[in-house]
Structure formats: structure tokens, C-alpha cells
Amino acid sequence: MAEPSGNPAPLEHQFPEPVDPRVRQVEIIISYLLRFGGIISLAVVVLGICLSFYHHQDYFSSKDAYRHLISYGAPFPHTIRESLKGALQWRGRCIAVLGLLLLAATPVLCVAVSIFAFVHQRDRKFVIITSIVLLLLLISFMLGKGGG
Amino acid sequence: MLLMLTTFGISVAAGVLGSLLGLGGGIIVVPALTLLPFLGIDIRYAIGASIISVIATSSGAAAGYVRQRMTNLRVALFLVLATTSGAITGAYLAGIIPTSWLNIVFGGMLAYSALMMFRKRHAVEGVNVPADDWADKLHLHDSYYDHALGRQVVYRVTRCRMGLVLMYVAGVVSGLLGIGSGALKVPAMDLAMRLPMKVSTSTSNFMIGITAAASAGVYFARGQINPFIAAPVAVGVLLGATLGSHLLARLHSHNIRALFVAVLLWISLQMLWKGVHPGHG
């Protein structure tokens, strides 16, 4: 459809400043972090689910046994301590929960890593911005604990 | 087992759509899990699973988008400042403000942005973008390689203050109503800040993961993250989102826009319906 043909932008707008290799570095680090965070947490989740199906083979055959797990009030860990304790005993559902928590921690880790990256780049404005973001994330996490 | 496979299948679809449009996929996951009669999952677990689906969409898609430079990382981190503070405000306001009229107000607002975005469908991206001193000072302008056009697209960012205000509102709303995390972000970036459509959806993708991760703790502590529901959702969405992130670069912006407008209208109707019939889910 409509291809940009209109008013040519002033020359300095046509070409942005060439990508700073240090900026590119941050992007690569964050993309790896997201990818590996995703893959690792996925592996842990799948391991957990497989283990729990292995321990309770009635989940395959009986629809009710599985239905019980997904109906409200089903037993599964609600705290990190519980999940860690269960995971050490190779309880599948606890391992799966840990995997899900790992997944949730990945974006927060990205913000934390980007602070260091901006320090390295001496980009003071973005060091401040990302530090406040991390602080806000931690605050909302605490609020959640208090309210939950 | 069949239940788990169905959940998985729905999640793959949610992941593809979510990664293309910068939405969390909650719009698919929650209704599908609760409304499909043979699944019939409790709404509390469905919401917990949808938070996981938002994070999974973000991790799956953003990895690719950040690498392709489709996500504007600086814009994302700058705007996340406003969405997270908005989300905290929203959590405080929850219970004080009646959600029924909020649903009507924001349902209307989404319908209006859908209309404005539809009207922009023939507009040329990146032309006549007004100057903005904040965007200059923070070096927010950028470019990305568009496979569908076969060239580098250079763009400038504008109206950062307006963007911050809108993102704050988006944060408050998602904190209060639980939905609309991406639905309000993409129009704000597209209409106010004038980012190209694909940059808007992929930047939103990166941001929703960060905001959702903050609230995941709440849902976990409340016992809403049931591993037997959330696990197939996480796996499916992550795969779907990775798939979707390879598609976006090849699709034309106007197709993404058309799809987004349709989904936005659907969400706004859902919100209006909830506003008019409170208590019906």
C-alpha cells in the first residue's frame, strides 16, 4: 500500500546516529537473558509436570484425578519456601511452580542487568530511570506480599 | 491429559496473537479457560494463568524483537517508569473506585483509539513528526529493519510527556481492572508518540512482561498460580510467541494495524459489556 513517498525529512533525520556497539551489546545481553530465562524456566516447568505425572500415573487414566488438580482449592505451594522444600523432595508440582517463578523473575532481571549496562555506558539519565523502575518493581512486589 | 493438551493448544494461539499485537494474550486465555464447558476452570486460576501468559508472551517474543532492534529498549525502559507507578496507584485505588463505570469509560476510550488507529491506516509512518526535546535528550530516536518493506525504517519519537501520562493511566487501569495492559500501551505509542506500528507492538511486548512480573508475586501469594493450569499455558504461549516473533518482521504494518484494531474493538466491547452488566464476569 502507501509507501513512504511524502515529504522528505531533513537530512539529519534520514540517518540516525550509527548504533553504538555498546548499545548493541546491551540489546544482545538482554535478548540472551530473555531467551535463556525462557528456555531454562520452560525446562524446569516441563520437568516438574513430567515428574508429577510419573508419580501419579492415575492422572493419565482417570479424568477425575486430573480434574481434581485443576478445580479450585487444589493443593499446590503458595510460598517460595514451600516450593523449595517440595522441590528438594522431587515433588513435581513444586518444581513446576519454581519454574513459573523463574519465568516471572526473568523480566525483573533484565531491568537489573540494564542498570549495569547503562552504568558501563556512562548514560546517567538511564541509570537513574532504570534504577527507579527496579525500585518500583520491588515496592510493588512487597505491597503484593503485604496485601496477599 | 486431553484437558492439558487443549489448554496447550489455546495457549500457542494466544502466544502468536499476543506477540504480534503486543498484548498479553489474557484476552484469549481467560475467556477460553473459563467459558469452554469441558475446561470450566475457575476464574481465579484463569487470571493467574493469564498473568503467566503475559510474562511468557513477553519473554518469548521480546528475546527476538530486542535482537532484531524492533523493540525500542530505551523507549520501553523510559515508559515502564510510568506504567509501574500507575500499577501501584491502581492497586491502592482498587476497592475505592467502582469498576463498573471504569469499564465503561475505558471501554469507550479503547473504542475511540481503535477508530483513530483505523483512520491512520493510510498514513505514512514517520513523516511530519513534531520535535520533542525529551526524546532528543534521552536519545530515543531509532531505526529498525523491516523485512516486509525490505529496508531500514528510520523513525523519530515525539510527545514523551504525553506518552508518560498515557502510560501512567494504562498502568492504573491494568492495576484496577486486570486487563488492558497492552491494549492501552500500543495506541499511546502509535497515536501520541508516533512510533511505527511494529515498533509499538514489540516495545509494548517488552513492557508488559516487566509490569506483569511485578504483579505475579501477588497472584502467587494468593494461591492463584495453579501449576497444572499455568504450566501448559506457559509452555504453549512461549512457543507461540517465539513463532509469532519470527512472523512480525515479515508482515506488513497495515495488516498488523488492521488486526490490532479488530482485537481492540473486541476488548472494548468486552469492557463495555462488563460495565453495563456488572457481576456477569
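Read the figures in this text as sums done on the coordinates, not as results from a lab. Worth saying up front: this structure is predicted, and the values here are computed from it rather than measured. Positions of Cβ are backbone-derived with ideal geometry, glycine not excepted, and every protein chain shown enters the neighbour counts.
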Original post:
Anyone know which of B:PHE260, B:PHE106, B:PHE228 comes out most mobile in the 10 Å Cα GNM of chain B?
Top reply: B:PHE228
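State to the nearest 20 debye the size of the charge dipole of the stretch B:2-276 about its Cα centre, where the only charges are +1 on K and R beta carbons and -1 on D and E beta carbons.
Working: 19 positive and 8 negative charges, 70 e Å.
Here the size comes out at about 340 debye.
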**OP:** Let me have the relative contact order for the stretch A:21-147, percent, based on Cα pairs under 8 Å that are six or more residues apart.
**Re:** 30 percent
Original post:
How high is the relative contact order of chain B, in percent, with contacts defined as C-alpha pairs under 8 Å that are six or more residues apart?
Top reply: 40 percent
Original post:
Let a ≥ b ≥ c be the square roots of the eigenvalues of the Cα gyration tensor of the protein assembly as shown; is it rounded (a/c under 1.5), or, if not, prolate (a/b larger than b/c) or oblate?
Top reply: prolate
Original post:
Rounded, prolate or oblate: which fits the stretch B:147-243, taking a ≥ b ≥ c as square roots of the Cα gyration tensor eigenvalues, rounded meaning a/c under 1.5, else prolate when a/b beats b/c?
Top reply: oblate
**OP:** Kindly provide log₁₀ I(q)/I(0) values, in the same order as q = 0.09, 0.14, 0.16, 0.17 Å⁻¹, from the Debye equation applied to equal alpha-carbon scatterers of chain B.
**Re:** -0.38, -0.95, -1.24, -1.40
Subject >> Of B:ARG67, B:ARG257, B:ARG156, the one that fluctuates the most in a GNM where chain B has Cα springs shorter than 10 Å >> reply: B:ARG67
Original post:
So what's the back-of-envelope 222 nm ellipticity for the protein assembly as shown, counting only DSSP H runs of four-plus at -39500 (n - 2.57) apiece and dividing by all residues, rounded to 500?
Top reply: -24500 deg cm²/dmol
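If Lys and Arg each add +1 and Asp and Glu each add -1, what is the summed charge of the other residues whose beta carbon sits under 10 Å from the beta carbon of B:LEU138? Spell out each step's value before the answer.
Working: positive: A:LYS125, B:ARG74, B:LYS137; negative: A:ASP123, B:ASP132, B:ASP133, B:ASP136.
Local charge sum for B:LEU138: -1.
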**OP:** Have a look at B:GLY40, B:GLY209, B:GLY26 and tell me which one the Gaussian network model of chain B (Cα, springs below 10 Å) gives the largest fluctuation.
**Re:** B:GLY40
